[in-house]
Amino acid sequence: MPHFLDIHTTPQSDLRSIIDSAAAMKSSRNGRPKGAQDDETPLKDHMVALIFEKPSTRTRVSFDVGVRQMGGQTMVLSGADMQLGHGETIADTARVLSRYVDLIMIRTFEEQTLLEMAEYASVPVINGLTDRTHPCQIMADVMTFEEHRGPIKGKKVVWSGDGNNVFASFAHAAKQFEFDLVFTGPEPLDPEPALRAFYTTARNPREAVEGADLVVTDTWVSMHDPQSARERRHNQLRGYQVNAALMGAAKDDALFMHCLPAHRDDEVTSEVMDGPQSVIWDEAENRMHAQKAVMRYCLGV
Ligand code: CP
Ligand code: NVA
């Protein structure tokens, strides 16, 4: 019963199988309506709990629709409305939920909450974002890159901006999928030191993106960041905006990605988001296909 907690703790061959399975499931739907089930319904008779302690649009909807397409059922739970938000321990919540559901996806704050849920649940647990990582997002990002450009192995990916949770999962993916990852951002917002083995740093964004096959950014203020830090972060990150000039310094056929939600004209200009190099809508769609494959992997179905 594998959990899906992080990209660096999931075996490399399993990650590759998940991406391949996601691509196969996507193409086999062949444009049918979103509410229609797949030919195969491996989640038939399965109940999936989706727990959110933070807001979500993509994660919530893509998991919910993905489960239904595979013939399963979901319940979407807000952490604040559960006893979890009123003092019941994570361990006890995990034990109880395991008696009702076959799979748990949780979006939470501290990574420790996810790890405890996984330790005490007797069903698989999927990481739907913590303050530290966002592995489902990067599985979709790898899938999206490969859909457009073929194997990501050996390619150059440049992250411009905050060294946050989404970057951390990119760093884990760089090791597992064997691509080169460059971080460009201000030193105070460097990624956590434990990730240093997985990427290189270039402080000058123009120099960083030279030869890039993919340029990525994310919001300058994440859900776990205090609003009081907003102005300081904006000042620190302004020079790392992804705009036409920065994209112009990357390879001519470089792609642009953003996990969304975006703050248009802060971390990325609308010109780039809506421009020909942007694959953000495919990226958002692929959350669903990638997560369907992650769920099949966890359940062994
Ligand atoms: N990218 C992402 O996880 O989006 P949501 O916060 O809308 O789920
Ligand atoms: N870094 C962002 C990602 C949102 C999907 C956050 O944690 O708020």
For segment 144-191, how big is the tail of P(r) above 15 Å, as a whole percent of Cα pairs? 45
Measure off, as a whole percent, the carbon and sulfur share of the 1.4 Å-probe accessible area of segment 1-44, all protein chains present. 51
Whose amide H sits under 5 Å from the amide H of Ser278, counting only residues 5 or more places off or on another chain, with H placed in the peptide plane? Phe256
Surrounding charge for Thr217, neighbours by C-beta under 10 angstrom, Lys/Arg +1, Asp/Glu -1, total -4
Total charge of the residues flanking Val76 in space, meaning their Cβ is under 14 Å from its Cβ, with Lys and Arg +1 and Asp and Glu -1, is +2
Over all directions, the chain yields a Cα convex hull whose mean projected area in nm² is 14.8
Relative to the first principal axis of the alpha-carbon coordinates of the chain, what is the inclination of helix 135-149, with its axis defined by its Cα atoms, in degrees from 0 to 90 and to the nearest 10? 60
Which residues' amide hydrogens lie under 5 Å from the amide hydrogen of Phe4, considering only partners 5 or more residues apart or on another chain, with H built in the peptide plane? Val125, Ile126, Asn127
Cα gyration tensor of segment 171-275, axes a ≥ b ≥ c as square roots of the eigenvalues: rounded (a/c below 1.5), prolate (a/b > b/c) or oblate? oblate
With an 8 Å cut-off on Cα pairs and a minimum separation of 6 or more residues, tell me the relative contact order of segment 166-227 in percent. 31
In Å, the Kirkwood hydrodynamic radius of segment 1-54 over pairs of distinct alpha carbons? 13.9
Hull surface divided by four, with the convex hull built on the Cα atoms of segment 66-208: how many nm²? 10.7
For helix 111-120, what angle does its Cα long axis make with the longest principal axis of the chain, in degrees from 0 to 90 and rounded to 10? 30
Pull up the cross-link candidates among the lysines for Lys26, meaning alpha carbon to alpha carbon under 18 Å and not fewer than 8 places away within one chain. Lys34, Lys292
Sticking to Cα atoms, compute the Rg of segment 1-107 to one decimal and its Dmax as the biggest Cα-Cα distance, whole number, in Å. 15.4, 46
Between helix 280-299 and the chain, what is the angle of the helix's C-alpha long axis to the longest principal axis, kept within 0 to 90° and rounded to the nearest 10? 40
Can you pull the percent of segment 203-301's accessible area that's carbon plus sulfur, 1.4 Å probe, other chains left in place? 47
Going Cα to Cα from Lys175, which lysines come in below 20 Å? Please leave out same-chain ones fewer than 8 positions away. Lys153, Lys155, Lys156
Measuring from a point 7 Å past the Cα of Ala244 along Cα-to-C-beta, which residues in segment 265-283 have an amide N at less than 18 Å? 265-279
Each label sits 7 Å from Cα toward the beta-carbon; between Asp225 and Glu192 the label points are separated, in nm, by 1.7
Segment Asn235-Arg16, length gained on full extension (0.36 nm per residue, minus Cα span): 74.9 nm
As a check on your grasp of the helix formula, calculate [θ] at 222 nm for the chain: sum -39500 (n - 2.57) over DSSP H runs of n ≥ 4, divide by the residue count, round to the nearest 500. -12000 deg cm²/dmol
Rolling a 1.4 angstrom probe over the protein heavy atoms, how many square angstrom per residue are accessible across segment 1-140? 46
Scalar couplings 3J(HN,Hα) for segment 69-80 by Karplus 6.51 cos²θ - 1.76 cosθ + 1.60 (θ = phi - 60°), nearest whole Hz, x for Gly and Pro, are 4, 8, x, x, 10, 10, 9, 9, 10, 8, x, 5
Karplus couplings for segment 17-27 from phi (6.51 cos²θ - 1.76 cosθ + 1.60, θ = phi - 60°), rounded to Hz, Gly and Pro as x? 4, 5, 5, 5, 5, 4, 5, 5, 5, 4, 6
Excluding Leu15 itself, what net charge comes from residues whose Cβ is under 13 Å from its Cβ, given Lys and Arg +1 and Asp and Glu -1? -3
Calc'd 3J(HN,Hα), segment 207-215, phi into Karplus 6.51 cos²θ - 1.76 cosθ + 1.60 (θ = phi - 60°), Hz, glycine/Pro = x, comes to 5, 4, 7, 4, x, 6, 8, 8, 10
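The values are calculated or read from the model by the stated rules, or taken from the named source; none is laboratory data. Not measured: the values here are computed from a predicted model. Heads up, the Cβs are rebuilt from the backbone with ideal geometry, glycines too, and the neighbour counts pull from every protein chain shown. Each accessible area value is taken on the protein alone, full model and side chains, heavy atoms only, with ligands, DNA and RNA left out. Shrake-Rupley method; radii C 1.70, N 1.55, O 1.52, S 1.80 Å.
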